[in-house]
Structures are given as C-alpha cells and as structure tokens.
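Note sheet for the following structure.
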Amino acid sequence: MRSVGLGQWLYFAWHLPTVLLVALSAAMVLWMARSLAREHLGPRARQLRWTVLGWSAVFGSLLSVVAWPYLHAVARVSVDGDGTWHLRNYLGVELATVPPGEVRSLRADDLGGRRWGAGQVHVVRARGETLDTVRIGGRGFERLCATLGYTAAMQREAFGAVIIPAHTYSAHGPVVVPTVASR
C-alpha cells in the first residue's frame, strides 16, 4: 500500500481549532434556542439570549466560510495493493474512491517555472468530476509523483501547469491510456 500526505502542517494547525469553534458556536445557538423555547424568561433575559444566539450564529457562519473549503480538499492519497485510490481530507474522511480501472488525469497548477511556487493538484475523474488537493509546493508534488510512480517522461508542461495525461492505475503503478490526436 502506498500513501502520501499532501498537506502542510501550518494549514492544519489553524483549521482544526476553527472547525471546533464552528461546532462550539453551533452548540451555543442550539442551547440559546432551547432556552428561549422552554423557559419563561423576563424581557431582559430574553434579549440577552437572543443577542448571544445572534452573535454565535454570525461568528459560526463566518468561521465556516473559512473552514469549509479544507473539508473538501484532498490531503492524503492512499493506494491499495490492487491500485484503488482513496482520497481523504486532513481529518481522514474519505472524499472519493477511484477504482483501478477508472481513467483519470492529474493537473498541477501554480507550481511555478522551477516548481518553487505553491499550487493545487486537480484529480480529474472519468465522469468529469474534479477533486482538488490542499495547496502544495513543488517538493510536495515531486513526492506525490515519486510515491505514485509518475516518471518525468509522463509529466507534460503546458502554460505553467504540469499535466499527467489520462491513465488507469494498476497494482504496479500508472498505465497510460492511448489517445487519438485531434485538431
């Protein structure tokens, strides 16, 4: 089994506390709403609960806007012995499973001319679905290619992006799918 982590620890160091704060603010909203519905309160106590409920909702929604993209970004690629890919986010939640016979391609954007930049890798599946990774640097991309068996001959440079053409993945690594040239 092959596995490669793509994320940088710095992104994850702030993201988990942010997700926990979103959950805490959601719990506060529910607690205040329950209190308003069940208890007989005076006007001042009701106003305080409505104020806490409102600010907790605003705070939670703003934090969720920041945290949501990282919950859908691939941070780890694991390959089973038969060539099945498991794409997971940084919490370990599986975002997608790509069977070995499914055609896929990879596109790495914004890595820079000498791969000194930090960009994303897009996994394009046969159905057209695209799964994006967290931002990775050139070394992270090279580690991904080395772990998954993508040789330098398979990588095409085009308009500042690195493209790994359509292929399937077997137990021994990538198998390039022959394509017909078109105009």
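The values are calculated or read from the model by the stated rules, or taken from the named source; none is laboratory data. Everything numeric in this text was worked out from a predicted model, so none of it was measured. Positions of Cβ are generated from backbone atoms using ideal geometry, with glycine treated the same way; all protein chains shown enter the neighbour counts. Ligands, DNA and RNA are excluded from the accessible area calculation, which covers all protein heavy atoms including side chains. Shrake-Rupley method; radii C 1.70, N 1.55, O 1.52, S 1.80 Å.
Contact map, segment 85-106: residues that are of a type in the set (Asp, Glu) paired with residues that are part of a strand (DSSP E or B) and open to solvent by less than 50 Å² (accessible area, probe 1.4 Å), Cβ distance under 6 Å, separation 6+ or inter-chain. Pairs shown: GLU94/HIS86. Under 36 Å from the mean Cα position of the chain (by Cα), under 22 Å from LEU91 (Cβ atoms) and either of a type in the set (Gly, Ala, Ser) or surrounded by 14 or more Cβ atoms within 10 Å (Cβ to Cβ) (or both), is that true of LEU53? It is false that LEU53 is under 36 Å from the mean Cα position of the chain (by Cα), under 22 Å from LEU91 (Cβ atoms) and either of a type in the set (Gly, Ala, Ser) or surrounded by 14 or more Cβ atoms within 10 Å (Cβ to Cβ) (or both).
The set of residues in segment 96-123 that are open to solvent by 50 Å² or more (accessible area, probe 1.4 Å) and farther than 19 Å from HIS167 by Cα comprises ASP110, GLY113, ARG114, TRP116, GLN120. Restricting attention to segment 1-57, which residues are touching a Gly at 6+ places or on another chain (Cβ under 6 Å) and among the hydroxyl-bearing types (Ser, Thr, Tyr)? Once the filter is applied, which keeps residues that are touching a Gly at 6+ places or on another chain (Cβ under 6 Å) and among the hydroxyl-bearing types (Ser, Thr, Tyr), segment 1-57 yields only SER25. Taking each residue of segment 142-164 that is acidic (Asp, Glu) and looking for partners that are open to solvent by 50 Å² or more (accessible area, probe 1.4 Å) with beta-carbon atoms closer than 6 Å, six or more apart or interchain, yields nothing. Of the strands (runs of 3 or more DSSP E) contained entirely in segment 124-178, those carrying at least 2 residues that are farther than 21 Å from THR97 by Cα and open to solvent by less than 10 Å² (accessible area, probe 1.4 Å) fall at 161-170. With respect to TRP116, determine if the residue is of a type outside the set (Gly, Ala, Ser) and in a loop (DSSP other than H, G, I, E, B). Against the criterion (of a type outside the set (Gly, Ala, Ser) and in a loop (DSSP other than H, G, I, E, B)), TRP116 qualifies.
Restricting attention to segment 1-48 and to residues that are open to solvent by less than 40 Å² (accessible area, probe 1.4 Å) and of a type in the set (S, T, N, Q), the residue that is farthest from VAL79 (Cα to Cα) turns out to be SER35.
Close Cβ contacts (under 8 Å, 6 or more residues apart or on different chains) running from residues in segment 64-76 that are under 20 Å from GLY119 (Cβ atoms) to residues that are modelled with pLDDT under 85 and open to solvent by less than 40 Å² (accessible area, probe 1.4 Å) comprise TYR70/HIS15; VAL74/LEU6; ALA75/GLY5; ALA75/LEU6; ALA75/GLY7; ARG76/GLY5; ARG76/LEU6; ARG76/GLY7.
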